[in-house]
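Engineer: Just dropping this structure here.
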Amino acid sequence: MESIDSLQEELKRVSQALSSHQSELHQTRGYLHCILQSSNDMIFATDIDGILVSFSRGGERVLGYTWEEVAAKLVRDFAGDPDDFERLMAASRERGSAHQGEVPFVHKKGHTVYCDVFLIELTNRGGQNVGTVGVCRDITMWKNLQEDLVKIDKLAEIGKMVSGVAHDINNPLANISEISGWVGTVVSDADELTGEDKEELQIAVRRIAEQTRRCRDITRQILDFVRHVSPARTSVDVHKVLKETVRFLQHEFKASPVEIIFDFCERSLCINSDPKMLQQIFVNLISNAIYAVKEKGADKGFVEVKTSKAGPDIEITIADDGIGISPEEQARIFDLFYTTKPSSKGTGLGLPICRNIVKKVGGDIVFESEAGKGSTFTVRLPLT
Amino acid sequence: MDATSDIRVLLIDDEETLLEYLSKRLLREGFTIKATFSGEEALEVAKNETFDVAVVDLKMPGMDGVETQKRLKDVQPFLQCIVLTGHGSVESALESGHQDAFQYLLKPIDYEQLVEAIKEAYKKRADKMNAQFRKKVEELATSGLGSRGIKKALNELRKLYGID
């Protein structure tokens, strides 16, 4: 009897212990469930073959797949580099855990997601490996930010370099301008020259002065671009500036099949703006258009310069039937230092400077283009 | 009489080629020109010669334009300075403004603009000097100094105004 009593006692003790363990297990499971549901990290578990047996809510957010979509699939197939990931898994099995920063995964939508990955081995009571648990923190945003910072840093560096170059060019320019001025004086004083020769030389000297002034304006524009100088505000006759610009670019299309067509609105367009900045915009857009037409190599081509009033704004349209811009190029044409021209002809500065200036004078710039057919750039500027 | 012939201009720039041709052109224009290639050299010259207008480059090795201008004014208080600046040095140009620069011109300079500025600076110097001279003489007249005191004071004024 005593043995039955003691057995019953024993049974009671065991069942009490069991229920206590059960509630502990319940609590632990609840705890784990909580973590898996609420963590932003991707937490997964695999069996010994690397097949997914658990996948957290965070994982669904990071990779874009639901648990049902990944269940029973190999975890390495979601990695950007499956072989590399398999090596990380193997290292973890060997050492009990493994860590690696910036592991690429492929999101359901196809883009790459970077994670900081920590792997831990699961073992049974016998100490045998039964699977792997992974905790992966999405660091894509941080990584992008870092890359942006590097880019900004590089741009600032380039900006510094460019402004240094512009400064250095200014000195010889100043010299050329003084020397040509002196030549002009000497020519006016030279009595032994015939009137015709004198005039010829004086025109040449004046041309040198004009061209150095043009260089000076370019270096100043570059320095402005780097230094954010606010624009002047005076009354500007847009038609006059456009005509001057085209005259200025004459040498670029004179001996070519490019025809420049003006289509100005009837009334004169006077706006309150910075004439030098506007000219810089037009020089860039019109010489790009001329270049595009020449590149196409057709017998005949045109660049149309059109103006119109649009409510409180004015619109200047520069259209050409040149080579056009491919969709890939279109995405990048305003990027600093991006150019499709051979390096002797393009700097990759023209359009970014244009856009910068247009923004400074309070306008905007848009374009439409089809490869092989031509491009149309429209600059919209406020009247006042 | 040519309006420019009386104007004594001190040029200070380390860019020798620029200075050579700028001097020639300004001389041809009729100005009296002294060209110096550094702030130090300019100060040395200014000890013995009086100038109406100085044209100073802001960026020079050794003594820069701001410092040169300041020291020149210590020696010749009525001197008007035209400061030439590269485009990126507006901040220094503003600092130069505290030292009373008459005008800043962007390099590469517009020659006509420079000639205009020199003429205007000369006029300003003359006006300032006349006003100051009148004030000083009035002070002297009412000071009650003896004849020897007045002579001494006049000598000082002569020196100050560069009258030989």
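Just so you know, all these numbers are worked out from the coordinates, no wet-lab data involved. Being a predicted model, the structure only gives us computed values, none of them experimental. Here the Cβ is made from the backbone with ideal geometry for all residues, glycine too, and neighbour counts use every protein chain on show.
Engineer: Which of the trypsin sites (Lys or Arg not before Pro) found in the stretch A:237-309 are in a DSSP loop and have at most 14 neighbouring Cβ atoms, other than their own, within 10 Å?
Structural biologist: In loop regions of the stretch A:237-309 (DSSP not H, G, I, E or B), the sparsely surrounded trypsin sites (Lys or Arg not before Pro) are A:254, A:267, A:300.
Engineer: Return one number: the angle in degrees, 0 to 90 and rounded to the nearest 10, between the long axis of the Cα atoms of helix B:16-29 and the longest principal axis of the Cα atoms of chain B.
Structural biologist: Here the helix axis deviates by roughly 60 degrees.
Engineer: Distance between Cα centroids, the stretch A:331-383 to the stretch B:1-79: provide it in whole Å.
Structural biologist: Taking the Cα centre of the stretch B:1-79 as reference, the centre of the stretch A:331-383 is 45 Å away.
Engineer: Within the stretch B:114-164, list the GluC sites (Glu not before Pro) lying in a DSSP loop whose Cβ has at most 15 other Cβ atoms in a 10 Å radius.
Structural biologist: none
Engineer: Helix-derived [θ] at 222 nm for the protein assembly as shown: sum -39500 (n - 2.57) over DSSP H runs of at least 4, divide by residue count, nearest 500?
Structural biologist: Helix-only estimate at 222 nm: -17500 deg cm²/dmol.
Engineer: Still on this model: Within 15 Å, Cβ to Cβ, of residue B:135, how many net charges do the neighbouring residues add up to if Lys/Arg are +1 and Asp/Glu are -1?
Structural biologist: So the surrounding residues net to -1.
Engineer: In the structure shown, do any of A:109/A:143; B:24/B:136; A:276/B:34; A:154/A:296 have a Cα-Cα gap over 30 Å, and if so which?
Structural biologist: As for pairs spanning more than 30 Å Cα to Cα, those are B:24/B:136; A:276/B:34; A:154/A:296.
Engineer: GluC sites (Glu not before Pro), restricted to the stretch B:1-68: which are DSSP loop and have at most 15 other Cβ atoms within 10 Å?
Structural biologist: In loop regions of the stretch B:1-68 (DSSP not H, G, I, E or B), the sparsely surrounded GluC sites (Glu not before Pro) are B:49.
Engineer: Counting only other chains, what is the mean number of Cβ atoms within 10 angstrom of the Cβ of each residue in peptide A:131-140?
Structural biologist: 0
Engineer: Once you have a ≥ b ≥ c as the square roots of the Cα gyration tensor eigenvalues for the stretch B:1-42, tell me rounded if a/c is under 1.5, and otherwise prolate or oblate according to whether a/b is larger than b/c.
Structural biologist: oblate
Engineer: Here's another thing I want to ask about it. Between the stretch A:238-307 and the stretch A:1-75, what is the separation of their alpha carbon centroids in Å?
Structural biologist: Distance between centres, Cα-based: 74 Å.
Engineer: Would you list, by chain and number, the lysines whose Cα falls below 16 Å from the Cα of residue B:70, excluding same-chain residues fewer than 8 positions away?
Structural biologist: Residue B:70 reaches B:47, B:59.
Engineer: Give me A:18, A:122 ranked fewest to most by other Cβ atoms within 10 Å of their Cβ, as a rough exposure proxy.
Structural biologist: Ordered by Cβ neighbours within 10 Å, fewest first: A:18, A:122.
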